[in-house]
Amino acid sequence: EIAGLNPLDIEIVNERCGRIAGNHVARGAVDLAVWDFVGQILDRPCHTLLGGYARDVAAAHMVSFGTPGEMAEDALAIHERLGVRTFKIKVGREPELDIAATRAIREALPDADLYVDANRGWSYDDALRAGDELTGLGVRAIEEPIAVDDRAGRLRLAERWSVPLVGDESCISLAHVDRALEEGAVRTVSVKTGRTGFTESRRILDLCLARS
């Protein structure tokens, strides 16, 4: 489909890749490779081609499942070794366990920026219990708390919480992001270039800016 195309014809390459249904990650990988090739042709790093203006970007560390103590030790070790102060905490288990883990990390790193990702693991009632406590612990956002299909529940949670509900699995393409924003629950979108490439990721960013 794309053999023989001029790699500088980014939009044509993207349109051809878009004909492959379903596999967003594979299409994203091709798009990233094409942008990298364009950068090599022009002898420019991709970030200058994409128009970014930030001189640097803060890194976040993901704290995976463990006991509350283990998760706090992981976050503290990364902070001490690398200076990282933003942490994405995996939740979606029993609310009491998720709350205890987040509290342990907060106590270990009082000034850290924390946000949580439930990967749709909670029921609506569990999300209510956990979310209220987690916002009290100062988390900055709650990602995919419940099933994507529970649109009414997601909207009620978004209206209840003072922090944004983040869309990730519900935002796997430009069309999905458009629908999520239209439904009203998602107030922050996780843009993953490994999934949507640079081309579609820029379109997602522009859509979010237009809706902000």
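The values are calculated or read from the model by the stated rules, or taken from the named source; none is laboratory data. Since the structure is predicted, the reported quantities are computational estimates derived from the model, not experimental observations. Methodologically, a virtual Cβ is constructed for each residue, glycine included, from the backbone with ideal geometry; neighbour enumeration extends over all protein chains shown. The protein model used for the area step is the full one, side chains on, heavy atoms only, and it has no ligands, DNA or RNA in it. Shrake-Rupley method; radii C 1.70, N 1.55, O 1.52, S 1.80 Å.
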For this session: Give me the distance between the Cα centres of the stretch 1-65 and the stretch 122-144, rounded to whole Å.
Result: 34
For this session: Kindly identify the stretch 1-88 as rounded, prolate or oblate by the Cα gyration tensor criterion: order the square roots of the eigenvalues as a ≥ b ≥ c, call it rounded if a/c is under 1.5, otherwise compare a/b with b/c, prolate if a/b is larger, else oblate.
Result: oblate
Problem set entry | Listed residues Gly167, Ala210, Val57: farthest to the positive end of the dipole of the chain (Cβ charges) | Ala210
Exercise. In debye, nearest 20: dipole of the chain around its Cα centre with unit charges on the Cβ of K, R (+) and D, E (-)?
Worked result: 360
Exercise. What are the residues whose amide H is under 5 Å from the amide H of Val91, where those residues sit 5 or more places off or on another chain and H is modelled from the backbone?
Worked result: Asp117, Ala118
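Using the heavy atoms of the protein chains alone and a 1.4 angstrom probe, what is the accessible area of the stretch 56-166 per residue in square angstrom?
48
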Exercise. What number, rounded to the nearest 500 deg cm²/dmol, is the helix-based mean residue ellipticity at 222 nm of the chain, given -39500 (n - 2.57) per DSSP H run of at least four residues and division by all its residues?
Worked result: -16500 deg cm²/dmol
Problem set entry | Whole-percent carbon and sulfur share, accessible surface of the chain, 1.4 Å | 53
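Once you order the gyration tensor axes a ≥ b ≥ c over the Cα atoms, which shape class does the stretch 113-212 get: rounded for a/c under 1.5, otherwise prolate or oblate by comparing a/b with b/c? Spell out each step's value before the answer.
Working: a/c = 1.93, a/b = 1.70, b/c = 1.13.
Prolate, because a/c is 1.5 or more and a/b exceeds b/c.
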For this session: Please find the FRET efficiency linking Leu49 to Asp178, where r is the Cβ-Cβ separation and R0 is fixed at 25 Å, and quote it to the nearest 0.05.
Result: 0.50
